Amino acid sequence: MSFDQAKATLNKVGYLNIDLPEDMDYVAEIIKLKKEKNAIILAHYYQEPAIQDIADFVGDSLQLSYKAAEANADLIVFAGVHFMAETAKILNPNKKVLLPDLNAGCSLADSCPTDALQALKDKHPNHIVITYVNTSAEVKAISDLCCTSSNAKKIVDSVPLDQPIIFAPDKNLGAWIQKETGREMLLWDGACIVHEAFSIDKLIHTHKEHPKAKIIAHPESEEHILKTAEYIGSTSGLINYVKNNPANEFIVATEAGILHEMQKEVPNKKLIPAPSHEDNTCACSECPYMRMNNMKKLYLCMKYELPEIHVSEEIQKKALIPIQKMLDISAK
Ligand code: 13P
Ligand code: SF4
């Protein structure tokens, strides 16, 4: 299929929808394309295991931003969600950045439209705006600072105490940071659909069945879940905790994709995914956006170099400022 024909299928559905032989060896083909095109594949811990296994680097959203900033490949293939690929593009405006499925969004980013955040800013002109990286490039462009779950405390602590703050869009992360820093902030009312789906009743029940297990949680989880946790941290923080803690059993409250890398790090420990409300059969929580990517879409996106992430020069320049400030503060 020609590039133009491929592009036509992309325009209809947001990813390349092309028939391929059933026995296609995606691993071999992707490795070949990686070499041919001098491409780097960056994958988030919430991607399906096959994608994590073929990626050049797997990490949390902060680590992936650093990797994107230092990438010297010609092609950056982002196996994650849209805001992550956009961040990579903002950091590398002259490079081609690909995302296997353009529909891979995020409920947090969707909860914070630029005009609504601008209206809040206008109402509180003396506040500065700290946004979680789970936002669009346009929202970053009107933010003063960005943060991720692994550096949010450090970023908030870097702001003078008498400076009022608007924190968007995750109210759960924001509330947790307020507690950690003792800092009152004006919180946006957004949430992650995956982390808000954990069931406290089922979690207590699971803990009764595994009384020695330590509960660990991502800070996007609701307060009643976080209250039960012995450790709260970003995806990489959770992996490090399980690695370094002497316990042998953990109940993990975050997207289930993390268990792949976690289990590799601690093959002899028992990892139990925290149960969600919906889930009566498999006790797992998967982000429907993260899971839009698969090996077929990854292969096709590398072959045709589509879909590509575009950010206008004006937005790129403005959005780079809070991202770069975040990277500089976190590196200190
Ligand atoms: P991390 O920053 O822990 O990777 O979490 C990001 C996230 O929410 C991915 O959806
Ligand atoms: Fe967004 Fe939640 Fe999915 Fe992360 S897990 S991409 S925060 S919807």
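Which residue out of Ala256, Ala247, Ala175 is under 26 Å from Ala104 (Cα atoms) and either within 16 Å of ligand 2 (Cβ to nearest atom) or outside any helix (DSSP H, G or I) (or both)?
Answer to the check: Ala256.
Give the residues of the range 114-155 that are more than 16 Å from ligand 1 (Cβ to nearest atom) and surrounded by 23 or more Cβ atoms within 10 Å (Cβ to Cβ), sorted by residue number.
Let us first name the residues in the range 114-155 that are more than 16 Å from ligand 1 (Cβ to nearest atom), namely 114-129, 137-138, 141-144.
Val129, Ala137, Ser143 - these are the residues of the range 114-155 that are more than 16 Å from ligand 1 (Cβ to nearest atom) and surrounded by 23 or more Cβ atoms within 10 Å (Cβ to Cβ).
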Under 7 Å between Cβ atoms, at least 6 apart or on separate chains: pull out the pairs that start in the range 1-28 with a residue that is surrounded by 14 or more Cβ atoms within 10 Å (Cβ to Cβ) and end on any residue that is among the acidic types (Asp, Glu).
-> Gly14/Asp101; Tyr15/Asp101
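Per-residue answers, yes or no, for (1) at pLDDT below 95; (2) in contact with an Asp or Glu (Cβ under 6 Å, 6 or more places away or on another chain); (3) away from ligand 2 (no atom under 15 Å from the Cβ); (4) more than 20 Å from His195 (Cβ to Cβ):
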site: Glu36; (1), (2), (3), (4): no, no, yes, yes
site: Ile41; (1), (2), (3), (4): no, yes, yes, yes
site: Asp53; (1), (2), (3), (4): no, no, yes, yes
site: Ala79; (1), (2), (3), (4): no, no, no, yes
site: Phe83; (1), (2), (3), (4): no, no, no, no
site: Leu102; (1), (2), (3), (4): no, no, no, yes
site: Pro125; (1), (2), (3), (4): no, no, yes, yes
Please work out which residue is farthest from ligand 2 (Cβ to nearest atom), limiting yourself to the range 182-197 and to residues that are without any contact (Cβ under 8 Å) to a residue 40 or more places away in the chain and charged (D, E, K, R).
-> Glu184
Going by the conditions given, is Lys303 crowded, with 17+ Cβ neighbours inside 10 Å, among the charged types (D, E, K, R), within 27 Å of Ala8 (Cα to Cα) and modelled with pLDDT of 95 or more?
-> yes
With the condition kept exactly as written, say whether any residue in the range 198-213 is crowded, with 20+ Cβ neighbours inside 10 Å, farther than 14 Å from Leu271 by Cα and within 16 Å of ligand 2 (Cβ to nearest atom).
-> yes
Scanning the range 214-231 residue by residue, those part of a strand (DSSP E or B) and surrounded by fewer than 22 Cβ atoms within 10 Å (Cβ to Cβ) turn out to be Lys214, Tyr231
For the range 266-280, does any single residue satisfy the condition of being part of a helix (DSSP H, G or I) and within 16 Å of ligand 1 (Cβ to nearest atom)?
-> no
Among the candidates Leu102, Leu91, single out the residue that is surrounded by fewer than 21 Cβ atoms within 10 Å (Cβ to Cβ) and in contact with a helix residue (DSSP H, G or I) (Cβ under 9 Å, 6 or more places away or on another chain).
-> Leu102
Restricting attention to the range 178-210, and to residues there that are part of a loop (DSSP other than H, G, I, E, B) and of a type in the set (Asp, Glu), which single residue is farthest from Pro288 (Cα to Cα)?
-> Glu184
Got a sec? Which of Ala55, Ala28, Ala39, Ala69 is more than 15 Å from the chain's Cα centre (by Cα), within 16 Å of ligand 1 (Cβ to nearest atom), under 19 Å from Met295 (Cβ atoms) and not charged (D, E, K, R)?
-> Ala55
Would you check if there is a residue in the range 312-320 being assigned to a helix (DSSP H, G or I) and either within 16 Å of ligand 2 (Cβ to nearest atom) or surrounded by 22 or more Cβ atoms within 10 Å (Cβ to Cβ) (or both)?
-> yes
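Results for (1) within 17 Å of Ser312 (Cα to Cα); (2) part of a helix (DSSP H, G or I), shown as yes or no for each residue.
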{"position": "Phe83", "(1), (2)": "yes, yes"}
{"position": "Ala88", "(1), (2)": "yes, yes"}
{"position": "Val97", "(1), (2)": "yes, no"}
{"position": "Asn103", "(1), (2)": "no, no"}
{"position": "Leu108", "(1), (2)": "no, yes"}
{"position": "Ala119", "(1), (2)": "no, yes"}
{"position": "Asn126", "(1), (2)": "no, no"}
{"position": "Val129", "(1), (2)": "no, no"}
{"position": "Asn134", "(1), (2)": "no, no"}
Test: Phe83 is within 16 Å of ligand 1 (Cβ to nearest atom), in contact with a Lys or Arg (Cβ under 9 Å, 6 or more places away or on another chain), of a type in the set (Phe, Trp, Tyr) and touching a residue at least 24 places away in the same chain (Cβ under 8 Å) = yes
Confirm whether Glu308 is modelled with pLDDT of 95 or more, away from ligand 2 (no atom under 16 Å from the Cβ), touching a strand residue (DSSP E or B) at 6+ places or on another chain (Cβ under 9 Å) and under 25 Å from Val27 (Cβ atoms).
-> yes
Considering only the range 176-196, state which residues are crowded, with 19+ Cβ neighbours inside 10 Å, in contact with a Ser or Thr (Cβ under 8 Å, 6 or more places away or on another chain) and either over 20 Å from Glu255 (Cβ atoms) or among the small types (Gly, Ala, Ser) (or both).
-> Trp188, Gly190, Ala191
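The values are calculated or read from the model by the stated rules, or taken from the named source; none is laboratory data. Quantities reported herein were computed from a predicted structural model and do not represent experimental measurements. No Cβ is skipped: glycine too gets one built from the backbone with ideal geometry, and neighbour counts run over all protein chains shown.
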